[in-house]
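Undergrad: Dumping the structure here so I can ask a few things about it.
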2 protein chains.
Amino acid sequence: MKNESLFLSGAKEILSPDSLLTEPEECAPFASDWTRLPGNPSAVVLPKTTAQVASILKLCQNLKIPVVPSGGRTGLCGGAVASKGEVVVNLSRMTQLTPVNVASRTVRVQAGAVTQSVHEHCAKAGLLWPIDLAAKGSSEIGGNLSTNAGGVRVIRYGMSRRWVVGLQAVTMNGEILELNEAVEKNNTGYDLVQLIIGSEGTLAVITEATLKLVPIPKNVSVLFFSVDDLPSLLKLFEIARKGPFEVLAFEFFSAKCLQAVEEKLHRRSRLSRGAEYYVLMEIEEQGRVDDWLSQLLESTIVQDGLLAHSSQEQRDVWALREGITESIALTGPVRKYDVSLPVTRMLSFLGEVLESIRNLRIELFLFGHFGDGSPHLNLVKPANASLEDYEKDCDRFEEKLFHLLKENGGSISAEHGVGILRKNWLTFSRSKTELALYHAIKKAFDPDGLLNPGKVLGQRSPG
Amino acid sequence: MKNESLFLSGAKEILSPDSLLTEPEECAPFASDWTRLPGNPSAVVLPKTTAQVASILKLCQNLKIPVVPSGGRTGLCGGAVASKGEVVVNLSRMTQLTPVNVASRTVRVQAGAVTQSVHEHCAKAGLLWPIDLAAKGSSEIGGNLSTNAGGVRVIRYGMSRRWVVGLQAVTMNGEILELNEAVEKNNTGYDLVQLIIGSEGTLAVITEATLKLVPIPKNVSVLFFSVDDLPSLLKLFEIARKGPFEVLAFEFFSAKCLQAVEEKLHRRSRLSRGAEYYVLMEIEEQGRVDDWLSQLLESTIVQDGLLAHSSQEQRDVWALREGITESIALTGPVRKYDVSLPVTRMLSFLGEVLESIRNLRIELFLFGHFGDGSPHLNLVKPANASLEDYEKDCDRFEEKLFHLLKENGGSISAEHGVGILRKNWLTFSRSKTELALYHAIKKAFDPDGLLNPGKVLGQRSPG
């Protein structure tokens with residue numbers, strides 16, 4: 001590290017000794033994220049206060065030392081990976097939560113608070129921060145907001161950015177931005193809260209947030225269906241939108257996904273008749289769902305269906321959906337694409353995906369958030385194909401996929417973000433003008449390019 | 001106008017003759033907004049397509065002619081006023097609406113569509129764009145989004161920015177930004193949609209938007225209460241948050257406001273017992289509201305209360321709240337402040353406001369969106385005070401007010417925006433660092449400062 005001794009002596013003045021790690025084996029757990037991309041930070045700091053974050057960033061700015069901010073490190077694109085000797089500023093020790101304000105339905109939390117702990121804290125007041133994602137046991141609020149996390153209830157509540165009132169964030173030069181605090185209405189200039197949310201730690205380090213909460217949904221049920229084909233799946237979705245309930249989640253997966261979960265994880269579907277696709281629908285009941293379901297089962301739209309009332313039954317159905325990623329990992333090498341497109345174009349898009357993959361040496365595992373227009377495409381190596389042939393065919397498919405997305409007004413990353421892994425694909429989802437604006441915005445916040453360098457954007461403006 | 005003949009010959013190539021106005025009396029209706037600040041545009045163009053908007057902006061960029069974008073011109077801060085010979089680009093002729101997409105709950109609209117017409121269009125599909133404001137009969141979607149409009153249902157749904165999926169906007173150099181189109185999930189870089197929303201036409205001209213819709217609320221009722229003091233008002237709000245319903249609106253006004261509405265507009269409250277403050281509560285029933293109300297009326301929190309079930313009764317209660325602005329205007333000269341603060345600080349803040357105004361030559365009319373922490377302070381000249389004394393006391397009060405807001409983490413503009421009128425107050429709600437970032441962002445979008453010049457920001461960076 002450049003200026004190492006100056007950094008260490010400065011950091012020791014700012015932090016208590018247990019907040020500064022320099023030994024490689026101490027630093028290792030903070031080097032990477034769920035991508036397991038290799039990292040080798042020069043040091044890891046674990047500040048306990050916003051003032052410490054500000055002082056550390058200012059020190060690094062003065063010494064021109066690059067910084068990687070991180071939280072629970074559950075990211076899937078390498079946004080929190082420190083691969084070039086950066087200093088990691090990890091927020092996991094800033095975990096304070098204020099009491100929930102029931103009248104304004106808000107809670108102030110520090111960035112290191114684990115998502116699930118925020119859920120549990122708010123549940124005592126009958127309220128919910130409505131972002132529900134698989135990583136919630138480890139992911140932290142700062143990371144949720146930096147990546148604008150989605151999850152399984154986006155169809156009902158939208159992404160993380162909708163559930164933030166105010167933000168405290170620190171810029172690379174150590175300025176503490178106190179944005180809106182707890183004020184829900186503040187029409188005085190450009191919305192820096194929303195600009196920082198989803199910027200993957202490249203503009204500022206989020207240290208605190210005032211989160212907006214909703215009442216915990218009541219009368220939640222889970223429905224589970226088998227359907228023969230994609231048009232039936234869309235039809236089911238359209239009918240569900242008019243049902244006597246609010247749809248909280250509308251998840252789909254292919255027969256191949258269910259088969260993998262059954263084989264690898266020994267979980268079982270309780271439907272008596274299988275089919276090509278399955279739908280998990282979580283709903284908040286507002287009327288006679290039984291009647292609605294009977295009518296549906298008499299139609300030709302679904303092959304079979306069940307209503308899981310008890311929480312055990314509901315967990316069992318969810319366990320099928322939640323086991324997919326793990327069971328695919330146990331199947332073979334995999335490439336993952338988390339894409340999105342208008343839900344109206346899902347049919348033709350998925351039809352083209354299936355068509356273009358047909359003669360390739362790839363097994364497609366198709367699942368995801370159908371109701372959000374956000375499918376996950378997992379390409380697994382068939383047992384009888386060589387790794388080389390599989391990789392070659394993946395590359396051919398990838399090119400086709402990105403062009404298909406562009407044609408359909410879609411995105412190469414629905415939820416997971418850009419990080420390191422997807423920054424070279426950005427031109428498929430963003431125009432030259434957008435990218436030039438990104439670079440100008442980045443420069444306004446971080447003129448020396450020291451904050452999370454090499455993430456989201458390439459090194460230079462495309463302009 | 002600089003380069004007038006070049007502009008006119010260029011504009012004539014881009015627009016049909018009826019889309020280019022140059023005579024002062026033709027231009028006059030497009031010169032100003034509800035502030036009635038004087039305007040004198042050099043020309044007004046009324047494009048019918050996004051391509052025309054882009055060509056006109058590019059022409060003006062090339063000729064260095066400043067542009068003021070506008071829509072329904074219902075703004076209250078002068079954001080759409082062309083006071084310095086600018087060219088007005090008015091979007092009111094771009095009014096197309098696509099059919100509502102019921103499955104994705106979205107609709108694509110052009111910027112000139114009137115808010116109310118969007119409501120009516122979506123209502124046919126049982127859906128609602130949930131921004132409901134007094135100006136909805138004239139305001140246009142482009143203006144709603146440029147100012148991040150609020151309204152009476154913010155407590156339930158939040159501000160305009162929450163209900164936008166994608167945006168089409170044109171930069172000053174004529175680039176068409178197609179941001180997200182109809183994709184609800186697109187985590188690929190900084191959120192330019194949210195950055196442009198609320199920027200009051202200073203970054204780009206919004207031409208189209210994909211709006212997110214909600215089901216029209218069912219079983220809507222209106223409750224009306226009188227309460228003795230501000231602590232009771234807060235208590236009522238807290239209790240309402242736990243009632244068997246969702247609160248759609250929680251509006252309050254002082255006895256002085258009701259008195260003005262009764263005297264000037266001859267409307268009548270149907271409550272038998274008056275008090276110091278009144279509360280209009282609109283709710284979506286989810287249980288036994290009658291029981292809840294009986295219990296409340298037996299407490300000491302409210303003096304009196306009624307439940308308006310029929311739509312006529314509901315309209316009558318709303319007419320009291322909606323008549324306040326008009327009846328104040330009929331009372332005398334008025335200065336208006338649309339401020340916000342955390343709802344938890346409303347009591348102490350309003351207490352200090354009342355205390356500090358007590359010995360001043362000002363009549364305070366207090367009303368607004370209590371549940372959002374967003375009161376409207378209207379300072380009216382007392383009949384027995386001179387205009388000079390009143391103005392002097394208003395200035396004294398204003399200084400106190402802004403400092404109070406700053407101490408309470410509040411904002412000098414909750415909903416109405418900054419425009420021309422409030423740009424000199426911005427430092428009370430935004431730090432130097434925030435303002436420096438605003439200037440840098442402005443420069444990235446509009447380096448020559450030609451788009452809505454003199455709005456929101458002063459001429460120079462405070463850095």
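The values are calculated or read from the model by the stated rules, or taken from the named source; none is laboratory data. The structure presented is a predicted model; accordingly, all values stated were derived computationally and were not measured. Neighbour counts run over all protein chains shown; Cβ positions are idealised from the backbone, glycine included. Each accessible area value is taken on the protein alone, full model and side chains, heavy atoms only, with ligands, DNA and RNA left out. Shrake-Rupley method; radii C 1.70, N 1.55, O 1.52, S 1.80 Å.
Undergrad: Taking all protein chains together and a probe of 1.4 Å, list B:ARG93, A:ARG162, B:ARG396, B:ARG105 from the most accessible to the least accessible.
TA: Output order, biggest surface exposure first: B:ARG396, B:ARG93, A:ARG162, B:ARG105.
Undergrad: Using a 1.4 angstrom probe and counting only protein chains, how large is the accessible area of B:SER5 in Å², to 10?
TA: Number for this one is 90 Å².
Undergrad: Restricting things to alpha carbons, tell me how big the range B:208-258 is in terms of Rg and Dmax, in Å.
TA: 15.1, 47
Undergrad: Same structure, new question: Ignore the peptide's own chain and count Cβ atoms of other chains within 10 Å of each Cβ in A:153-165; give me the average, rounded.
TA: 2
Undergrad: Now, a different point. Please report, for the Cα atoms of the range A:350-460, the Rg to one decimal and the Dmax as a whole number; what are they, in angstrom?
TA: 16.7, 52
Undergrad: Mean shadow of the range B:135-220, computed from the convex hull of its alpha carbons, in nm²?
TA: If you wrap the Cα atoms of the range B:135-220 in a convex hull and average its projections, you get 6.6 nm².
Undergrad: Starting from the Kirkwood Rh over alpha-carbon pairs, what translational D in µm² s⁻¹ does the range B:214-318 have by Stokes-Einstein at 25 °C and 0.890 mPa s?
TA: It diffuses with D of about 175 µm²/s by this estimate.
Undergrad: Pairs of alpha-carbon atoms within less than 8 angstrom and 6+ residues apart define the contacts here; what relative contact order does the range A:103-230 have, in percent?
TA: 33 percent
Undergrad: Please report which chain B residue places its beta carbon nearest the axis carrying chain B onto chain A, with the distance rounded to a whole angstrom.
TA: B:GLN194, 2
Undergrad: Just the Cα atoms of the range A:266-320, one point each, no solvent: what log10 I(q)/I(0) does Debye give at q = 0.17, 0.25, 0.30 Å⁻¹?
TA: So the normalised log intensities work out to -0.61, -1.24, -1.45.
Undergrad: Another question, then. Starting from 0 in steps of 20 Å, tell me what percent of the Cα-Cα pairs of chain B lands in each bin.
TA: With 20 Å bins starting at 0, P(r) equals 23, 54, 22, 1.
Undergrad: Considering only the range B:31-132, what is the antiparallel percent among its DSSP beta bridges, to the nearest 5?
TA: Antiparallel: roughly 20 percent of the beta bridges in the range B:31-132.
Undergrad: Could you work out, residue by residue across B:337-349, how many beta carbons of other chains sit within 10 Å of that residue's beta carbon, and then give the average as an integer?
TA: Taking the mean over all residues of the peptide, I get 4.
Undergrad: Hey, can you rank B:449-455, B:377-383 by average C-beta count inside 10 Å, highest first?
TA: B:449-455, B:377-383
Undergrad: Then there is this: I'd like the distance separating the alpha-carbon centroids of the range B:83-121 and the range A:117-152, in whole Å.
TA: Going from one Cα centre to the other spans 35 Å.
Undergrad: Relative to the longest principal axis of the C-alpha atoms of chain A, give the angle of the C-alpha long axis of helix A:289-298, reported between 0 and 90° and rounded to the nearest 10°.
TA: Rounded to the nearest ten degrees, it is 50.
Undergrad: Over the heavy atoms of B:LEU21, what accessible area does a 1.4 Å probe trace out, to the nearest 10 Å²?
TA: Rounded to the nearest 10, that gives 20 Å².
Undergrad: Still on this model: How high is the relative contact order of the range A:305-463? Use alpha-carbon pairs under 8 Å, at least six apart in sequence, and give a whole percent.
TA: 22 percent
Undergrad: Let me ask another. For the Cα atoms of chain B, what angle does the longest principal axis make with the long axis of helix B:387-407, in degrees from 0 to 90, nearest 10?
TA: 90 degrees
Undergrad: Right, next: Provide Rg over Rh for the range A:124-173; use the alpha carbon set for both Rg and the Kirkwood Rh (inverse mean inverse pair distance).
TA: With Rg and the Kirkwood Rh in hand, the quotient comes to 1.00.
Undergrad: Between the range A:158-226 and the range B:47-65, what is the separation of their alpha carbon centroids in Å?
TA: 35 Å
Undergrad: Before we go on, tell me the buried accessible area for the A/B pair, both chains summed, 1.4 Å probe, in Å² to the nearest 100.
TA: 6200 Å²
Undergrad: A further question follows. Report the calculated FRET efficiency for A:LYS400 and A:ARG268 (r = Cβ-Cβ distance, R0 = 35 Å), to the nearest 0.05.
TA: Efficiency at R0 = 35 Å is approximately 0.45.
Undergrad: If you don't mind, another one. Over the C-alpha atoms of the range A:249-386, what are the Rg and the largest Cα-to-Cα span, Dmax, in Å?
TA: My reading of the Cα-based Rg and Dmax gives 15.9, 54 Å.
Undergrad: Sticking with this one: Give me the net charge for the shell around A:SER83: Cβ to Cβ below 14 angstrom, other residues only, Lys and Arg +1, Asp and Glu -1.
TA: Net local charge, A:SER83 excluded: +3.
Undergrad: A follow-up question, please. Measuring nothing but label to label, 7 Å from Cα along Cα→Cβ, what are B:SER348's distances to the other copies in nm, shortest first?
TA: List, nearest first: 5.9 nm.
Undergrad: Give me the inter-chain shielding for B:423-431: mean count of other chain Cβ atoms within 10 Å, whole number please.
TA: Taking the mean over all residues of the peptide, I get 3.
Undergrad: Separate question: Based on alpha-carbon positions alone, could you give the equivalent ellipsoid semi-axes of the range B:158-272 from the gyration tensor, as √(5λ), descending, whole Å?
TA: Three semi-axes, in Å: 42, 19, 14.
Undergrad: Let me have the relative contact order for chain A, percent, based on Cα pairs under 8 Å that are six or more residues apart.
TA: 15 percent
Undergrad: How long are the semi-axes of the ellipsoid equivalent to the range B:79-138, from square roots of 5 times the Cα gyration tensor eigenvalues, in whole Å, largest first?
TA: Each semi-axis is the square root of five times an eigenvalue, giving 28, 13, 8 Å.
Undergrad: With everything on Cα atoms, drop me the angle between helix A:230-240 and the longest principal axis of chain A, reported from 0 to 90° to the nearest 10.
TA: Tilt relative to chain A: about 80 degrees.
Undergrad: State in Å² the accessible area per residue of the range A:243-283; use a 1.4 Å probe, count heavy atoms of protein chains only, and round to the nearest integer.
TA: So the range A:243-283 comes to 39 Å² accessible per residue, rounded to a whole number.
Undergrad: Shifting gears a bit: Could you bin all the Cα-Cα distances of the range B:1-82 into 10 Å bins starting at 0 and give me the percent of pairs in each, rounded to whole numbers?
TA: Taking all Cα pairs of the range B:1-82, the binned fractions are 18, 51, 29, 2 percent.
Undergrad: Need one number: nm distance between label points at A:GLN96 and B:GLU23, each 7 Å from Cα along Cα→Cβ, rounded to one decimal.
TA: So the two model labels end up 6.7 nm from each other.
Undergrad: Can you list the copy-to-copy distances for B:ASN62, using a point 7 angstrom from Cα toward Cβ, in nanometres, shortest first?
TA: Nearest first, the other copies' label points are 5.2 nm away.
Undergrad: Which distances, shortest first and in nm, link B:ASP228 to the matching position in the other copies, using label points set 7 Å out along Cα to C-beta?
TA: Result, one decimal in nm: 7.1.
Undergrad: Based on the Cα gyration tensor of the protein assembly as shown, what are the three equivalent ellipsoid semi-axes, each the root of five times an eigenvalue, rounded to whole Å and given largest first?
TA: 44, 34, 30
Undergrad: Out of the total accessible area of chain B (probe 1.4 Å, heavy atoms of protein only), what percent is carbon and sulfur?
TA: 49 percent
Undergrad: Can you give the net charge of the other residues whose Cβ lies under 11 Å from the Cβ of B:VAL227, counting K and R as +1 and D and E as -1?
TA: -2
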